[in-house]
Amino acid sequence: MRYSQMLIPTLREAPSDAEVVSHKLMIRAGLIRQLARGIYDYLPLGLKVLRKIEQITREELNRAGCQEVLLPVIIPAELWQETGRWGFYGKELLRLKDRNERDFCFGPTQEEIITDLVRREIRSYKELPKNFYQIHTKFRDEIRPRFGLMRAREFIMKDGYSFHATEKSLNEHYELMRKTYVRIFERCGLRTKVVEADTGAIGGSSSHEVVVLAETGESEVAFCDACDYSANLEMASSKTAKGEKKRSGSSKCREIKTPGLKTVEEVAAFLKVKRAQMIKTLVYLRDGGIVVGLIAGEHEINEVKLKNACNARFLTMADAATVKELTGAEVGFAGPVGLKKKTSLGPVQVFADFSIQSIDDGVTGANKTDYHLTGVVPDVDFTPDQYLDLRLVKEGDSCGRCEKGRLQIKRGIEVGHIFKLGTKYSKSMNAMFLDESGTKQPFIMGTYGIGIGRTAAAAIEQNNDDKGIIWPLPIAPFQVEIISLNQDDEVIKTAEKIYDELLAQGIEVLYDDRDERAGVKLTDAELIGIPHFVMVGSRGVKDKVVELKARKNGDIKKLAFKDVSNVVKKLCQI
RNA sequence: CGGGGCGUAGCGCAGCCUGGUAGCGCGCUUGGUUCGGGACUAAGAGGUCCCGGGUUCAAAUCCCGGCGCCCCGACCA
């Protein structure tokens with residue numbers, strides 16, 4: 001491709017609304033332009049990168065036995081009503097009506113569609129397992145799109161769905177997908193980590209995320225420095241003392257006046273007790289009731305763990321009025337002793353983190369404004385419904401899996417996600433096959449996603465310098481860029497000749513044939529980040545040499561004309 | 001949805017406070033000189049000052065309403 005014929009609108013300055021480096025560079029290098037919030041045009045250079053990532057994804061999935069399909073983006077409401085998601089999904093689901101006022105949505109994910117196809121076309125266990133995937137555009141009306149393609153509303157995603165006759169088959173396939181995902185991102189030239197993840201709203205029993213470690217990532221992952229344990233912060237567990245047996249005895253609880261002291265720090269300082277002795281009491285609102293979480297004052301509660309523990313559909317901090325109704329006190333004085341079992345909003349569940357199990361002289365709110373209780377003993381003064389792990393792990397906590405490891409916490413970009421779904425969708429949509437004994441069984445399903453645009457953004461986050469993008473070779477829009485450093489006849493002749501030679505070798509080459517100064521061409525070349533430059537100038541032409549420059553480290557090698565195509569070809573082998 | 005900010009030429013911004021009919025840098029067009037790391041020079045093109053209403057002799061500027069975009073928070077296969 002000739003640069004002069006391509007639309008590559010590079011910018012010296014990034015638009016002021018771009019925050020993170022990948023967003024800035026994607027705009028400056030002319031890969032994307034924004035049309036509306038979270039909605040982008042993909043320009044020629046940007047599309048080439050996406051296509052590369054798609055192609056690698058396709059090759060690896062096909063190799064793993066998956067089949068590509070292409071499902072509609074506009075979906076009739078009926079299918080979503082079958083699974084109940086038409087009601088649950090909320091505003092993130094873009095809903096539309098056709099000319100006859102029938103309800104449709106723009107698919108944010110397509111479990112319903114594929115399950116519908118499979119229930120109509122697959123009847124026997126003999127046809128299983130199967131994995132269908134597609135690469136197409138999704139739309140999620142995100143509350144807060146940001147960072148360019150990292151969190152867009154309209155985005156390109158590879159989504160795949162597998163169907164199995166047995167759990168064993170699902171487990172095997174899940175493992176295959178995990179390996180395949182690792183390989184896909186490795187081939188893209190990315191350094192990734194596979195972490196255990198929360199199954200979230202989509203439901204299901206097990207889930208892993210593939211994340212690219214990057215400062216600008218939106219998710220936090222914890223991993224052990226000794227063993228291979230790694231998990232999304234939402235899921236991560238550290239070593240916890242548990243299994244203390246229940247105590248009995250009489251209460252030595254006392255009420256103490258603590259005027260205006262609400263936080264753990266304030267109360268601990270006032271009463272001269274350790275934070276570890278404090279029983280922090282947090283009140284949450286869930287669908288159909290109230291959930292109270294108890295945790296030692298030195299720790300933070302992990303709301304995802306709490307939400308999962310009580311099996312809630314949603315969970316949010318309770319407002320002051322609810323806290324007052326439950327405890328009879330202002331916010332800041334809640335405690336587990338003598339709590340109501342019921343409120344106008346529904347029943348009250350109390351979950352306690354293991355960390356309070358061993359407290360024997362605890363301090364907690366008295367459910368009375370300006371008062372706290374001391375000498376509180378769990379299982380004597382109050383009994384939680386359940387003890388479990390509710391802690392948000394901290395950097396340096398000991399690993400929950402191995403003996404000596406410590407947890408580290410880093411930020412990452414979630415580029416892939418795999419789920420064991422089970423029969424959630426097949427059951428609600430009555431998608432059944434006949435097993436060996438001739439009985440109807442719901443399909444056992446898995447779902448597997450890769451954010452294609454987000455992967456491109458993550459690649460830039462991981463590979464850039466102050467001059468611009470440094471594409472990993474496998475996903476670079478071009479492998480080589482030829483730059484004529486001036487417009488002398490001999491230089492142009494040579495550049496054209498090399499261009500033809502490289503093209504003939506099947507190399508993806510961008511030839512900057514513009515009548516621009518060397519500086520302009522080089523700066524643009526560095527910005528758009530093609531891995532190798534072949535620089536042709538009049539000085540070299542005299543001696544029949546060109547210069548080969550690596551974008552990554554700036555190394556320059558002189559090359560005789562006759563060697564160019566062989567050397568470059570070797571460099572471009574992946 | 002709550003809090004904050006912004007909207008003036010393709011991009012980055014000034015002008016607004018204190019109303020008088022729009023400017024700078026980069027980019028773009030044409031000519032000349034230049035030409036191996038973002039040239040110089042001369043001449044140009046390009047703006048519904050986000051939209052609507054109001055105040056005023058006069059509004060980019062003041063007032064009211066709306067829209068769009070960004071940031072923080074709540075959300076998130």
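A simple charge model with +1 on the Cβ of Lys and Arg, -1 on the Cβ of Asp and Glu and nothing else charged puts the dipole of chain A at about 580 debye relative to its Cα centre.
Averaging 1/r over every pair of different alpha carbons in chain A and inverting the result gives a Kirkwood radius of 27.5 Å. Of the solvent-accessible surface of chain A, computed with a 1.4 Å probe over protein heavy atoms with every protein chain present, carbon and sulfur atoms account for 49 percent. Rounded to the nearest 20 debye, the dipole magnitude of segment A:254-388 is 220 debye, with +1 charges on Lys and Arg beta carbons, -1 on Asp and Glu beta carbons, and the Cα centre as origin. Measuring against 21 Å, Cα to Cα, the residue pairs A:K252/A:K341; A:K130/A:K305; A:K341/A:K368; A:K138/A:K307; A:K158/A:K307; A:K467/A:K544 contain A:K252/A:K341; A:K130/A:K305; A:K138/A:K307; A:K158/A:K307; A:K467/A:K544 as the ones spanning a longer distance. Look at where the Cα atoms of segment A:124-199 and of segment A:1-41 average out, and the two centres are 27 Å apart.
Between A:E101 and A:K341, 0.36 nm times their residue separation minus their Cα-Cα distance comes to what? Numbers along the way, then the final one.
Values: separation 240, 0.36 × 240 = 86.40 nm, distance 4.68 nm.
This chain segment gains 81.7 nm when fully extended.
The Kirkwood hydrodynamic radius of segment A:478-571, based on inverse pair distances between different Cα atoms, is 12.8 Å. Solvent exposure of chain A amounts to 46 Å² per residue of accessible area, where only protein heavy atoms count and the probe is 1.4 Å. Taking the Cα centre of segment A:257-318 as reference, the dipole from Cβ charges on Lys and Arg (+1) and Asp and Glu (-1) amounts to some 140 debye.
Expressed as a fraction of 2.2 N^0.38 Å, the C-alpha radius of gyration for segment A:1-112 is 1.44. Just so you know, the Rg over Rh for segment A:378-471 is 1.19, from Cα atoms, with Rh as the Kirkwood radius.
Working from Cα positions, state the angle (0 to 90°, nearest 10) between the long axis of helix A:167-187 and the longest principal axis of chain A. Tilt of helix A:167-187: around 50 degrees. Peptide packing: for A:493-503, A:362-372, A:549-559, A:448-458, the average count of neighbouring Cβ atoms within 10 Å per residue gives the ranking A:448-458, A:362-372, A:493-503, A:549-559, highest mean first. The reciprocal of the average 1/r between distinct C-alpha atoms defines the Kirkwood hydrodynamic radius, which for segment A:344-419 equals 16.2 Å.
Between A:Y499, A:F185, A:V509, the Cα set farthest toward the positive side of the dipole of chain A (charges on each charged residue's Cβ, about the Cα centre) is that of A:F185. Counting only Cα atoms, the size of segment A:254-388 along its three principal axes is 40, 28, 24 Å, in decreasing order.
For segment A:123-256, the Kirkwood hydrodynamic radius from C-alpha pairs, put into Stokes-Einstein at 4 °C and a viscosity of 1.567 mPa s, yields a diffusion coefficient of 69 µm² per second. D for segment A:102-186, whole µm²/s, Stokes-Einstein with Kirkwood Rh over alpha-carbon pairs at 37 °C and 0.692 mPa s: what number? For the chosen part, D equals 216 µm²/s. Set Lys and Arg Cβ to +1 and Asp and Glu Cβ to -1, take the dipole of segment A:254-388 about its Cα centre, and tell me which of A:A321, A:L388, A:T263 lies farthest positive. After comparing all options, I get A:A321.
The values are calculated or read from the model by the stated rules, or taken from the named source; none is laboratory data. Values in this document were obtained by computation on a predicted structure and should not be read as measured data. Neighbour counts run over all protein chains shown; Cβ positions are idealised from the backbone, glycine included. Accessible surface areas use protein heavy atoms only, side chains included; no ligands, DNA or RNA. Shrake-Rupley method; radii C 1.70, N 1.55, O 1.52, S 1.80 Å.
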